[in-house]
1. In this structure, is residue 62 under 12 Å from the mean Cα position of the chain (by Cα), crowded, with 16+ Cβ neighbours inside 10 Å, in a helix (DSSP H, G or I) and at pLDDT below 90?
2. Being assigned to a helix (DSSP H, G or I), under 22 Å from residue 134 (Cα atoms) and at pLDDT 95 or above is true for just one of 43, 71. Which residue is that?
3. For region 38-51, indicate whether the set of residues that are surrounded by fewer than 17 Cβ atoms within 10 Å (Cβ to Cβ) and either closer than 20 Å to residue 137 by Cβ or over 11 Å from the mean Cα position of the chain (by Cα) (or both) is non-empty.
4. Exactly one condition in (1) without any contact (Cβ under 8 Å) to a residue 40 or more places away in the chain; (2) assigned to a helix (DSSP H, G or I); (3) surrounded by 12 or more Cβ atoms within 10 Å (Cβ to Cβ) is false for residue 121; which is it?
5. Determine which single condition residue 9 fails, assuming it passes every other condition in (1) modelled with pLDDT of 80 or more; (2) more than 21 Å from residue 124 (Cβ to Cβ).
6. Of all residues in region 75-100, count the ones that are within 14 Å of the chain's Cα centre (by Cα) and either exposed (fewer than 13 other Cβ atoms within 10 Å of the Cβ) or without any contact (Cβ under 8 Å) to a residue 24 or more places away in the chain (or both).
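The values are calculated or read from the model by the stated rules, or taken from the named source; none is laboratory data. Quick caveat: nothing in here was measured; it's all calculated off a predicted structure. A quick note on method: Cβ atoms are made from the backbone with ideal geometry, for glycine too, and the neighbour counts reach across all protein chains shown.
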């Protein structure tokens, strides 16, 4: 396996790829929410919930793919960033660009791992906090 991939992050990325694609498809073409047709706040909340589910199932892989600055250089992050930015723009916020990365930050795998494993928060509690964030911002 190591001959085909240059490093462990590349292996983790390949293993996560299908899970990411399924989630992206739901956001682009799925039923509302998280798909088109729901208000931006509801779509963002649904996206948060879906990513928390992904993190709960595959935190070990996500931690392997998103290390430091590499998070911002991945194709997945580019997709998520464009999606969140479009929701912010749809909400008619004055400065959507400056909020985009801030609204993605709570989904960093290290944040999830800290909340879930160190602080003992269940995914339901994490999702509730993120839903509140989405509704208040949008």
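1. Here the answer is yes, as residue 62 does meet what is asked.
2. On the way: 71 fails: at pLDDT 95 or above.
Only one candidate passes the filter, namely 43.
3. Of the residues in region 38-51, the ones surrounded by fewer than 17 Cβ atoms within 10 Å (Cβ to Cβ) are 38-39.
From the residues that got through so far, the ones that are either closer than 20 Å to residue 137 by Cβ or over 11 Å from the mean Cα position of the chain (by Cα) (or both) too are 38-39.
Among the residues of region 38-51, at least one is surrounded by fewer than 17 Cβ atoms within 10 Å (Cβ to Cβ) and either closer than 20 Å to residue 137 by Cβ or over 11 Å from the mean Cα position of the chain (by Cα) (or both), which makes the answer yes.
4. (2)
5. That leaves (1) as the condition not met.
6. 6
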